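Down below is the structure, laid out as structure tokens.
Read-outs throughout are calculated quantities, based only on the coordinates presented, and are distinct from any laboratory measurement. Bear in mind that the values here come from a model prediction, so they are computed numbers and not experimental data. When we count neighbours, we look across all protein chains shown, and the Cβ atoms used for this are built from the backbone with ideal geometry, even at glycine.
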Amino acid sequence: MAERGNGNWNLKDLLGDLMGATAELAPEPRAEIWASDLGKPYVDRWLQMKGVSYSNPADGKDLMTYFLGKQIELGFAQMLTRCGIAFRSQERLRVLEPDCLPVVGKPDLVAEIRDWKAVWERLDEPANDGEFLTTSAQRQAMGWLLEAWRVRCPDGLPRTVFEVKSVNSMAFKYHRDNGGLSNAYPHHRLQLYTYLRALRVPEGHLLYVGRDTGWIEEVVVRETEELESAWLQDVRRMTHYYLSDERPPLEPKIVEGRENWRVRYSRYRDYLYREEEVRNGAFSI
């Protein structure tokens, strides 16, 4: 029973509690690899795919950060879909590699313009969310924008997949000052590459947005031998661990003298790395 207080409250705590109450405690078992999991620790993914309950489920603060990031992604999607430049994938994509579990996922956005005239004609139609560009000034401004881009790209815009990723400003600034974000998050590249493979398009873009600053950096991802090799290695290895029911090795706790963030943010941190839990057979399924 909740402890009786003095009646004071604030919305921040209420929202945190509401989100914490909806946190997933045990993932559904699945025999498929999620594109968003590629490049992440095998052992965490293995436990998730087996449906093992989290020892360290997300709390309200974690979910609030996720929620705010998702709103940024949805905002970008709404702007681009409303003017007819991009659309959201309606179905999960499924990539099948011989002798491997299927890899599934849904890209944030796919942008493509084959006919600028068709885009102009859609300006007077309601968007997918049911809203119009309500004023003539809005429609006129959008028309000018589209005309400028038609002059810039007279043949239209080639089909391109976009993944929108929000990061906090400290991480954004750190990576931007150390060579940019192009190699900061390899798992994002593997996720996007899944969609390039599925849709058979040559190029995709990772759009990084600072959650609290609005900073934006766009990273172009194209197929390379290195990326293809990394993708195949991940999918084949994860398939082996799952089908053989072999628990993958643990992540090192320390990397280059610092705490390994892949351990720190693990939803199975206590199960995997606390000695008391290990002694009690935390790995049994």
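Loop by DSSP (not H, G, I, E, B), at most 11 other beta-carbon atoms within 10 Å: where is the longest site-free stretch of the chain for GluC sites (Glu not before Pro)?
After excluding every exposed loop site, the longest remaining stretch is 132-245.
Ratio of alpha-carbon Rg to the 2.2 N^0.38 Å globular estimate for the chain, to two decimals, please. The partial results should precede the final answer.
On the way: Rg = 22.2 Å, N = 285, 2.2 N^0.38 = 18.8 Å.
Against the empirical 2.2 N^0.38 Å value, I get 1.18 for the chain.
On full extension of the chain, what length is gained from R274 through R152, given 0.36 nm per residue of separation minus the C-alpha to C-alpha distance?
On the way: separation 122, 0.36 × 122 = 43.92 nm, distance 5.77 nm.
Full-extension gain reported as 38.2 nm.
Kindly express, to the nearest 10 degrees and within the range 0 to 90, the angle between helix 11-21's C-alpha long axis and the longest C-alpha principal axis of the chain.
Value to nearest ten degrees: 70.
Between beta-carbons, use under 11 Å as the cut-off and find the net charge around R92, counting Lys and Arg +1, Asp and Glu -1. Walk me through the intermediate numbers first.
Details: positive: R94, K106; negative: E32, E91.
Cβ neighbours under 11 Å give a net charge of 0.
Before rounding to the nearest 500, sum -39500 (n - 2.57) across all DSSP H runs of length at least 4 in the chain and divide by the residue total; then give [θ] at 222 nm in deg cm²/dmol.
-13000 deg cm²/dmol
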